[in-house]
Each structure stands twice: as C-alpha cells, then as structure tokens.
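Notes follow the structure.
Values in this text are rule-based calculations from the coordinates and carry no lab data. Being a predicted model, the structure only gives us computed values, none of them experimental. Counting neighbours? That spans all protein chains shown, and the Cβs are built from the backbone with ideal geometry, glycine included.
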Amino acid sequence: MEQGKLYRIGEVAKMFRLSVGTLRHYEAMGILKPAYIDPDIGYRYYNVQQFECLNTIRYLRMLDFSLEQIAAFLQNRDVEKMTEMLQMQKQIARQKRLEWKRIEKKIERRLQRLEEARTARLGEIELRTVPEQRMIRIQSDLSLHTYLDMEEAIRELERELDSASVFLGKIGAGIAKERLKAGDVSSYDTAFLLLDPEDTVRGTCETFPEMRCACLCFAGSHPEAPAHYDTLLRFIREQNMEITGFSREITLIDDGLTQHAEEFVTEIQIPVQEAKKNEAVYCG
C-alpha cells in the first residue's frame, strides 16, 4: 500500500472490524481524527500511518482500558507510560480473576442447595450433622405472614456486609431455644444471613460449630411453618432429645426463583443433643 493513499471511513471500519459509529466516536473524543475531511461532502478519510494507532486502540480496548485512558496515552505515548499502564491493568485483571472465582464458588454452593431442595423428601424429619455455620444475626420480633415480611430484616442485614452478597437461600428466621422448649412457635425473634467463606462483614459475625440438628423440609414458606415446628417438637420429645439452640428456618426456593408458590421449599433446622440410635427418621 502507498503511504499517501487515503481510505474512506467505511473501508477502515471494515478492515478493523469496527462500526463507522465507533470511528466517529473516537473522532469526537479526540482519540483518532481523520487525516482528511472533504470540505464539500464531509467524507472522512484515514491514511496508513493511522492504522498503527488503530491497532494500539484495539489492543488496549481488548485489555479493558477505558477510552479516556487510551486518549491520555495516545496524547503522550511513551514506553514507560505503557509499562505502567500494563502493570496496573495486570493487577486489575488479577483482582477480577479472584472475584470471578469467588462468584463461581457461590454459584456452586447455590446449585448444590437447589438440588438438595428439589430432591428433598418433604415432610420427613432427618437427624443430620449440619456443618459449621457463619452468620450475622439481628434480634428482632418478626411476624411473617408472607415471605415478603422478611424484606425489612434483609435490608438491615445487608448493611452489615462489606460487599454485595447473594441472598437467595441464605436469609433465615429463627426462634429462641427457650421459646421452642415452651412450644411457642407463633412468631420469630431473630433474623440471620448465612455467610459464605468469602463474605466479609463490617460488624460482628458469629460462628457456630457443626451441630446435630433435627431437620425438616416442607412445601411452602414461613406462613406454613408452625405446623411443621409442631411436628419437629413432637419428634424431639418422643426421642428424648434436648433442644440446644435457636432454630434455623430458610426458604430455599421462594419468589426469587419461581413465580409458582406451590414450588416453594423451606427447611427448618433445630439443634439437639445426640439422638438415640433407634429411629433416625420420622414421618409427620
């Protein structure tokens, strides 16, 4: 190609797999102005010397530099400056990679919990060792007539987090040990957010060691829970077990995942002392 040859904007756009609009945007930002603009008809032309500039722009865009950063670099091109920019972008890329790994782990856990919810034997009580739980918790009287009544508590729990967290399947309500022993399951006195290992919080979080729990999954949400608490408490009495902590009640599948209320699944966990070895499962 001849050095003095000019190329119309459409030709350049096609060669570099860009839109004409993108090239006009580069011009408006002062990143790459045409070598010549026909004063009569306004056609824009570029020369070969500008192709290297376009290669640099495309390269930096691929590395996720902003147009503002690219414009600043092109106005004062320098090897040292490019090295500094690449080092900075390398660090950003590393941070993004770590963040995506964190998100991937969250998705894996959520998929596992969804599969457990979808295959749960609803209405059956299971004695299970629940792994260590890390959570933030607020003491608050809650009357949950619908699943939406948790929203105010969710917003309060959210303020304790350093960064956004995936709430689906992690927000729960609980009833204190003393009230459970008395059979009072008419309302809740705590709300909590289960934390993933990667979550960081501003305030105080609690860590509960693994514990033996009487667990029950049922179809529905918090308004349907009292009858299932009664079933669990009766089972605990019949097994001569003692309640050792507040309940954990989490809606695993709710309005955030489905518009069909009949597909809602909620799990109740009540910490208990070691169960007798006979009768590990009870159908209510």
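Under a GNM of the chain (C-alpha, springs under 10 Å), which listed residue has the highest mean-square fluctuation: Glu262, Glu52, Glu274?
Highest fluctuation among the options: Glu52.
Helix-only mean residue ellipticity at 222 nm, the chain, DSSP H runs n ≥ 4 weighted -39,500 (n - 2.57), per residue, nearest 500. What is it?
-12000 deg cm²/dmol
Say we join alpha carbon atoms closer than 10 Å with springs in a Gaussian network model of the chain; which of Arg137, Arg102, Arg94 then has the biggest fluctuation?
Arg94
Using only the Cα atoms of region 1-124, build the gyration tensor, take square roots of its eigenvalues as a ≥ b ≥ c, and label the shape rounded, prolate or oblate: rounded if a/c is under 1.5, else prolate if a/b is larger than b/c, else oblate.
Since a/c reaches 1.5 and a/b is larger than b/c, the shape of region 1-124 is classed as prolate.
By how many degrees, between 0 and 90 and to the nearest 10, does the Cα long axis of helix 20-29 differ from the longest principal axis of the chain?
Taking the Cα atoms of the chain, the angle to 20-29 is about 80 degrees.
Using the alpha-carbon centroid of each, what span in Å lies between region 191-252 and region 82-118?
30
Determine, for each peptide in 70-82, 229-241, the mean count of other beta carbons within 10 angstrom over its residues, then list the peptides with the highest first.
Output ranking for 70-82, 229-241: 229-241, 70-82.
What Kirkwood hydrodynamic radius do you get for region 6-77 when you take the inverse of the mean 1/r over all pairs of distinct Cα atoms, in Å?
So the Kirkwood estimate lands at 12.4 Å.
Would you mind computing, in nm to one decimal, how far apart the modelled labels at Arg61 and Ala219 are, each placed 7 Å from Cα along Cα→Cβ?
Reported label-point gap for Arg61 and Ala219 is 5.3 nm.
Taking Cα atoms of the chain, Rg/Rh with Kirkwood Rh, to two decimals?
We get a ratio of 1.27 for the chain.
Whole angstrom only: what separates the Cα centroid of region 119-136 from the Cα centroid of region 1-61?
Going from one Cα centre to the other spans 62 Å.
Among Leu142, Ser66, Leu257, flag the residue with its Cα farthest along the positive direction of the charge dipole of the chain, charges on Cβ as +1 for Lys/Arg and -1 for Asp/Glu.
Farthest along the dipole direction, towards plus: Ser66.
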